[in-house]
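Student: Please see the structure below; I have some questions.
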Amino acid sequence: MNERLTCVLCPIGCLIETVRRGDDLEVRGNECPKGVDFAVQEILHPKRNLSASVPLKGTASRMVSVRLSQSVPRDLIFPILDAIAVLRPEAPVRRGQILIADVLGSGADVVATRTIKP
Amino acid sequence: MTETGTVVERHDIVVIGGGPAGLAAALGARRAGIDDVLLIERDRVLGGILNQCIHDGFGLFLYKETISGPEYAERLAEDAAREGVIFHTGAMVLDLSPDRVLRVNAADGYRLVRAGAVILAMGCRERTRDMIGIPGTRPAGIFTAGSAQNMVNLHNLKIGREAVILGSGDVGLIMARRLTFEGIKVRGVFEILPWPSGLERNVRQCLQDFGIPLELSSTVVDIRGRDRVSSVIVARVDGSSRPIPGSEREIACDTLLFSVGLIPENELSKRAGVVLSPLTGGAVVDETLMTGVPGVFSCGNVLHIHDVADWASFEGFEAGRRAAEFVRGRRSGAETVEVRVGENIRYVLPQIVRRGASGVTLNFRVRRPMRSVAVEVREAASDRILTRVKLYRLIPSEMRQIRIPTSVEDALEIVAHE
């Protein structure tokens, strides 16, 4: 599978072309060796943060926004979203409060990103 | 300008708008030693558009970590409260006069506010379907990307089942991912330009991650459906952005989002007599962010559209500091020279510089994506180059800066060439 990406490790912003064959990755267009590491990470082991918004317990639409405390492997995005979807935090909520610790064993916590007063 | 029976307040500095630029402006003014700084916000809460931007990626430069919009808003608002900024929320500025009198409507009544200096920080609004003239029926299911973001993130509304997004601005890209997370199928993002309007990281993380097609040089040419959107017709466009006959294709969907640009919201600025730039849609300012109306400053998205919230905040801090200088009468030099837009430059800000100013930083955007670029600032009359930087890549969606180390004596021109 071929993919193009812009390396973001420095301002040069090399346009990197990759060809993936199973676990092997062919990398072209990088002007320095860091481009290879960047492409390997981004194509073979991409990590992402994610955010969502869930209603406060007992309400239809008083929303608490949440995100992860750190990035997780991209494949975990939808399983973690499923875990977040059933969350109904109870007021008060403090910004940074952990709503799910170590979600799905990912090492990341689901944390509130907004304060809800009592 | 007094009206019988109307309360008149006086404040040293009044900031209009409580988003990142306004909060930072108020903080900047306080930190410059002005005691009496009032911030007026029409919403019930501070933070502006940050409140609905629940995604991560804010604050890398201001807070040295990436956080979400609501966290950024709360932190900045807490800083402002702790440092003594006075807030009027749920209050709307109805009018601003050239001599800095504001007419304010609030829950506790109408009043006049006299300001030593005013900082405009009202942000921007979205371009709509009408503004870009997409024909077709007028069914339900058509939203601007930002209003969809508001409904989904702040009101728990499900806006549809299958969506098409017109325009690849950052809000549209972010919403493509957000809708995907909410179980709404995004059929594609269509961009009339040959390059994406949003940041590259958003194209990758919001579209490519989820296999959402991005079709460049394409647009929506018709909207179908009676009560609810039933489909849209998309077509490829030629080099002059005209739809190519025969390239039309129908895409079934019940929702259409527009992410086709943001416009600085300058209704109040116009009332005060502030001169606007046709290139930015915001005020013409000098290097202190002061508009053509003495004592009226501008910062954030009401001045020009920023791609990163931190830049709006930093501009706010600077506007606050400069407004403080004005209030204390420590402002010198009124004579200004122009900064002209040259080859490949879409806009430059400030548009004017006070003669003799040194260490001026110019913000600029290019017209098209460029590689191996030299950006030069030169004196327009003599062609003398004042500063020159080599940049590997420049894209219109990223605002860049260039600093002029020497003092400015004559009209300038900024150019970029490959």
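Student: Going by the structure shown, is residue A:106 within 13 Å of another protein chain (Cβ to nearest Cβ) and within 18 Å of the chain's Cα centre (by Cα)? Can you show your working first?
Tutor: Working: within 13 Å of another protein chain (Cβ to nearest Cβ): no; within 18 Å of the chain's Cα centre (by Cα): yes.
Judged against the criteria, residue A:106 is not a match.
Student: For the subset of the range B:30-46 comprising residues that are touching a helix residue (DSSP H, G or I) at 6+ places or on another chain (Cβ under 6 Å) and crowded, with 20+ Cβ neighbours inside 10 Å, which member is nearest to the other protein chains (Cβ to nearest Cβ)? Break it down into steps so the answer makes sense when it comes.
Tutor: Quick first cut of the range B:30-46, residues touching a helix residue (DSSP H, G or I) at 6+ places or on another chain (Cβ under 6 Å) only: B:32, B:34, B:37, B:39, B:46.
Then keep just the ones that are crowded, with 20+ Cβ neighbours inside 10 Å; that gives B:34, B:37, B:39, B:46.
Details: B:34: 28, B:37: 23, B:39: 19, B:46: 12 Å.
Selected residue: B:46.
Student: Moving on to the next point. Can you name the helices (runs of 4 or more DSSP H) wholly within the range B:85-183 that have at least 1 residues being over 30 Å from residue A:80 (Cα atoms)?
Tutor: Working: elements: B:129-132, B:145-155, B:170-181.
Hits in the range B:85-183: B:129-132.
Student: Being in contact with a helix residue (DSSP H, G or I) (Cβ under 8 Å, 6 or more places away or on another chain) and either outside any strand (DSSP E or B) or free of Cβ contacts under 8 Å to residues at least 12 places away in the same chain (or both) is the requirement here; does residue B:334 meet it?
Tutor: On the way: in contact with a helix residue (DSSP H, G or I) (Cβ under 8 Å, 6 or more places away or on another chain): no; either outside any strand (DSSP E or B) or free of Cβ contacts under 8 Å to residues at least 12 places away in the same chain (or both): yes.
Spelling it out, it is not the case that residue B:334 is in contact with a helix residue (DSSP H, G or I) (Cβ under 8 Å, 6 or more places away or on another chain) and either outside any strand (DSSP E or B) or free of Cβ contacts under 8 Å to residues at least 12 places away in the same chain (or both).
Student: Run residue B:237 past the list (1) under 30 Å from residue B:330 (Cβ atoms); (2) outside the structural domain of residue B:114 (by TED's automatic domain parsing); (3) of a type in the set (A, V, I, L, M) and report the number of the one that doesn't hold.
Tutor: Residue B:237 satisfies all of (1) under 30 Å from residue B:330 (Cβ atoms); (2) outside the structural domain of residue B:114 (by TED's automatic domain parsing); (3) of a type in the set (A, V, I, L, M) except (1).
Student: So which residues in the range B:177-195 are open to solvent by less than 40 Å² (accessible area, probe 1.4 Å), within 27 Å of residue A:14 (Cα to Cα) and within 14 Å of chain A (Cβ to nearest Cβ), if there are any at all?
Tutor: To start, the set of residues in the range B:177-195 that are open to solvent by less than 40 Å² (accessible area, probe 1.4 Å) comprises B:177-181, B:184, B:186, B:188-191.
Cutting the leftovers down to within 27 Å of residue A:14 (Cα to Cα) gives us B:177, B:188-191.
B:177 - this is the single residue of the range B:177-195 that is open to solvent by less than 40 Å² (accessible area, probe 1.4 Å), within 27 Å of residue A:14 (Cα to Cα) and within 14 Å of chain A (Cβ to nearest Cβ).
Student: Still on this structure: Identify the residue in the range A:87-98 that is surrounded by fewer than 19 Cβ atoms within 10 Å (Cβ to Cβ) and of a type in the set (A, V, I, L, M, F, W, C) and, among all such residues, is nearest to the other protein chains (Cβ to nearest Cβ).
Tutor: Checked the range A:87-98; the qualifying residue nearest to the other protein chains (Cβ to nearest Cβ) is A:87.
Student: Could I ask something else about it? If I go through the range B:264-297 residue by residue, how many of them are over 17 Å from residue B:364 (Cα atoms) and either open to solvent by less than 10 Å² (accessible area, probe 1.4 Å) or not in a helix (DSSP H, G or I) (or both)? Even if it seems obvious, please write down each step before you answer.
Tutor: Going through the range B:264-297, the residues over 17 Å from residue B:364 (Cα atoms) turn out to be B:265-275, B:290-297.
Keeping just the survivors that are either open to solvent by less than 10 Å² (accessible area, probe 1.4 Å) or not in a helix (DSSP H, G or I) (or both) gives B:265-266, B:269, B:272-275, B:290-297.
Total satisfying the criteria: 15.
Student: Would you check if there is a residue in the range B:144-154 being over 29 Å from residue A:59 (Cβ atoms), touching a strand residue (DSSP E or B) at 6+ places or on another chain (Cβ under 8 Å) and away from chain A (no Cβ under 13 Å)?
Tutor: No, the conditions are met nowhere in the range B:144-154.
Student: While we're here: Answer yes or no: is there a residue in the range B:298-309 that is modelled with pLDDT under 95, outside any loop (DSSP other than H, G, I, E, B) and either open to solvent by 10 Å² or more (accessible area, probe 1.4 Å) or in contact with a Leu (Cβ under 9 Å, 6 or more places away or on another chain) (or both).
Tutor: Yes, the range B:298-309 has at least one match.
Student: Under the condition of being part of a helix (DSSP H, G or I) and not charged (D, E, K, R), which residue from the range B:70-84 is most open to solvent (accessible area, probe 1.4 Å)? Give the steps one after another, and end with the answer.
Tutor: Keep residues of the range B:70-84 that are part of a helix (DSSP H, G or I), which gives B:70-82.
Now restrict to residues that are not charged (D, E, K, R): B:70, B:72-73, B:76-77, B:80-81.
On the way: B:70: 1, B:72: 0, B:73: 3, B:76: 2, B:77: 19, B:80: 0, B:81: 59 Å².
Step by step, filter the range B:70-84, then rank; the result is B:81.
Student: Taking the range B:47-72 as the search range and keeping residues that are among the small types (Gly, Ala, Ser) and at the interface with chain A (Cβ under 9 Å from one of its Cβ atoms), which one is nearest to residue B:34 (Cα to Cα)?
Tutor: Filtering the range B:47-72 down to residues among the small types (Gly, Ala, Ser) leaves B:47-48, B:57, B:59, B:68-69.
Narrowing further to those that are at the interface with chain A (Cβ under 9 Å from one of its Cβ atoms): B:57, B:68-69.
Working: B:57: 32, B:68: 30, B:69: 28 Å.
So the residue we want is B:69.
Student: Let me ask another. Among the residues of the range B:53-69 satisfying the criterion of being among the hydrophobic types (A, V, I, L, M, F, W, C) and part of a strand (DSSP E or B), which is farthest from residue B:309 (Cα to Cα)? Full working, then the answer.
Tutor: Pass one, the range B:53-69, residues among the hydrophobic types (A, V, I, L, M, F, W, C): B:53-54, B:58, B:60-62, B:67.
When the remaining residues are screened for being part of a strand (DSSP E or B), the result is B:58, B:67.
Details: B:58: 7, B:67: 11 Å.
Ranking the candidates gives B:67 first.
Student: Pick out the one residue from B:397, B:358, B:372, B:382 that is at positive phi, modelled with pLDDT under 95 and in the same structural domain as residue B:412 (by TED's automatic domain parsing).
Tutor: Details: B:397 fails: at positive phi; B:358 fails: at positive phi; B:382 fails: at positive phi.
The conditions single out B:372.
Student: Sticking with this one: Residues in the range B:244-254: is at least one at pLDDT 95 or above and within 14 Å of another protein chain (Cβ to nearest Cβ)? Spell out the reasoning first.
Tutor: Initially, the range B:244-254 is screened for residues at pLDDT 95 or above, giving B:244-254.
Still in the list and also within 14 Å of another protein chain (Cβ to nearest Cβ): none.
The answer is no, given that none of the residues of the range B:244-254 is at pLDDT 95 or above and within 14 Å of another protein chain (Cβ to nearest Cβ).
Student: Would you be able to say whether some residue in the range B:230-239 is closer than 17 Å to residue B:163 by Cβ and among the basic types (Lys, Arg)?
Tutor: Going through the range B:230-239, the residues closer than 17 Å to residue B:163 by Cβ turn out to be B:230-234.
Adding the requirement that they be among the basic types (Lys, Arg) leaves none.
There is no residue in the range B:230-239 that is closer than 17 Å to residue B:163 by Cβ and among the basic types (Lys, Arg).
Student: Okay, moving on. Specify the residue that is nearest to the other protein chains (Cβ to nearest Cβ); the eligible residues are those in the range B:202-223 that are in contact with a strand residue (DSSP E or B) (Cβ under 6 Å, 6 or more places away or on another chain) and surrounded by fewer than 16 Cβ atoms within 10 Å (Cβ to Cβ).
Tutor: Taking the range B:202-223 as the starting set, the residues that turn out to be in contact with a strand residue (DSSP E or B) (Cβ under 6 Å, 6 or more places away or on another chain) are B:207, B:212-215, B:217-223.
From what's left, surrounded by fewer than 16 Cβ atoms within 10 Å (Cβ to Cβ): B:213, B:215.
Values: B:213: 15, B:215: 16 Å.
The qualifying residue nearest to the other protein chains (Cβ to nearest Cβ) is B:213.
Student: So, restricting to strands (runs of 3 or more DSSP E) that lie completely within the range A:1-86, which ones have at least 1 residues that are under 23 Å from residue B:68 (Cα atoms), open to solvent by 60 Å² or more (accessible area, probe 1.4 Å) and more than 8 Å from every other protein chain (Cβ to nearest Cβ)? Quick ask: steps written out before the conclusion?
Tutor: Working: elements: A:2-6, A:15-21, A:24-28, A:51-55, A:63-68.
Those strands (runs of 3 or more DSSP E) do not exist here; none qualify.
Student: Go through the range B:114-135 and report how many residues are modelled with pLDDT under 95 and open to solvent by less than 40 Å² (accessible area, probe 1.4 Å).
Tutor: Final tally of qualifying residues: 2.
The values are calculated or read from the model by the stated rules, or taken from the named source; none is laboratory data. Model, not experiment: these values are computed from the prediction. As a convention, Cβ positions derive from the backbone with ideal geometry for all residues, glycine included, and neighbour counts pool all protein chains shown. What goes into the accessible areas is simple: the full protein's heavy atoms, side chains included, and nothing from ligands, DNA or RNA. Shrake-Rupley method; radii C 1.70, N 1.55, O 1.52, S 1.80 Å.
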